[in-house]
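Below is one structure, written out as structure tokens, with a few remarks after it.
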Amino acid sequence: MVEAFEKEMANFLGVRHAIGVASGTDALLLSLMALGVKAGDRVVTVSYTFFSTAGSVSRLGAVPVYVDIDPHTYNMDPNKLEDSLRKICRKNQRPKVLIPVHLFGQMADMQAIMEIAQRYEMRVVEDAAQALGARQDGGSKSRFQSSQGQRMAGTVGDLGCFSFYPSKNLGGFGDGGMVVTRHDELAEKVRLLRIHGEETKYHHGLIGINSRLDALQAAVLSVKLKYLSRWTEARRENAERYQVLFGKSALGSHSISLPHPQKGHYHIFNQFVIRAKRRDILREHLTREGIGSAVYYPVPLHLQECYRDLGYQPGDLPESERAARETVALPIYPELTARQQRQVVRAIADFYAPLRTQRTHSPRTLR
């Protein structure tokens, strides 16, 4: 079942190799191991992401170096990446690996990121845990896209990592993950590393870990993969309906701001994330109305207690910190109905109605 599912995923993504592992976290860890990341190496990534992105770096004794995000996409900002790399290289601390994250279901700007990585001689591991099926179409032709002009999330860098945790758009009955790559040598390394580096029974060429994708999870995922495109289209339709409903409401950009799908990007909307004033009080209001919500992520990694020794301070990554304060995810699952979405929008509009009234009746300032 595992081998069959691996072949199905390789075909779905258009890659040579897909290797099932025990979790999305292990996919990141094994990818870094395959690239030879060791204690003291620098690995560049973002701070506004799930902990495993940087945690996998730290498990190998390497040092995460954080770059700020684009405020509209929440993904790595290529301009800030280049600025950060210049500073790092001046200190003779050239990073070994770069981990862009395709957050919430939209790809980072991989063409710009890959060109920067090539200039600085870094390998690239894509964290595509939330972006299975996301892609970027069209644009200028480059060596980083397929002959069809498409770049699928997870297939552009040296290695791509996916999670099948139940909350993902393709979720299993428990934990599961996958590493994909077009490189034969890296694929063979990952296959060995996931089974303790065992080349033949009880003969170990590498020191690996135990990280097999369970056959039961593979069977579940194989069935669900057949429905993934349909579910993704339902998420995208729901996202489009939210845009229309919020546009018709009395809410303005002073209260909330909506997601910004980038031109040429196929956003899968693993989450539908808005920015909101008085975010935490809004969430309490939504809970009273029987509407679920979630915060991804309330504390950026550079300000986590366990990374205090890296020396980051509040204000160092302002966009990551602002996103952590302001963002909230609304229901977006494929089975969400139009009636339920109207209920969500109405509840948010009701919450901000007193604020709109105050602004309407506040005295104007003379110029």
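Before moving on, here are some points about what is shown:
- Candidate set: region 295-320, residues that are part of a loop (DSSP other than H, G, I, E, B) and hydroxyl-bearing (Ser, Thr, Tyr); chosen: the one farthest from Lys87 (Cα to Cα): Tyr296
For (1) closer than 30 Å to Val328 by Cβ; (2) outside any strand (DSSP E or B); (3) in contact with a Ser or Thr (Cβ under 9 Å, 6 or more places away or on another chain), each residue gets a yes or a no:
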site: Tyr66; (1), (2), (3): yes, no, yes
site: Tyr74; (1), (2), (3): yes, yes, yes
site: Arg86; (1), (2), (3): no, yes, no
site: Glu115; (1), (2), (3): no, yes, yes
site: Gln118; (1), (2), (3): no, yes, no
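- Selection from region 144-168 of residues that are modelled with pLDDT of 95 or more and at positive phi: Gly154
- Given (1) buried (at least 18 other Cβ atoms within 10 Å of the Cβ); (2) outside the structural domain of Ala108 (by TED's automatic domain parsing), index of the condition Arg278 fails: (1)
- When each of Met1, Met33, Met9 is tested for being closer than 16 Å to Phe164 by Cα and either aromatic (Phe, Trp, Tyr) or over 19 Å from the mean Cα position of the chain (by Cα) (or both), the lone residue that passes is Met1.
- Residue match in region 253-275 (condition: over 30 Å from Gly154 (Cβ atoms), part of a loop (DSSP other than H, G, I, E, B), of a type outside the set (D, E, K, R) and touching a residue at least 60 places away in the same chain (Cβ under 8 Å)): yes
- The single residue among Gly174, Gly208, Gly154 that is assigned to a loop (DSSP other than H, G, I, E, B), farther than 14 Å from Ala27 by Cβ and touching a Leu at 6+ places or on another chain (Cβ under 9 Å) turns out to be Gly174.
- Checking each residue of region 218-240 against the condition of being at pLDDT below 95, out of contact with any Ser or Thr (no Cβ under 8 Å at 6 or more places or on another chain) and either assigned by TED's automatic domain parsing to the domain that holds Ala134 or of a type in the set (Lys, Arg) (or both) gives no match.
- Taking region 284-330 as the range and being charged (D, E, K, R) and under 21 Å from Asp70 (Cα atoms) as the test, the residues that pass are Asp316, Glu319, Glu321, Arg322, Arg325, Glu326.
The values are calculated or read from the model by the stated rules, or taken from the named source; none is laboratory data. A quick note: this is a predicted structure, and the numbers were derived from the prediction, not measured. Note that we place each Cβ from the backbone using ideal geometry, even for glycine, and neighbour counts take in every protein chain shown.
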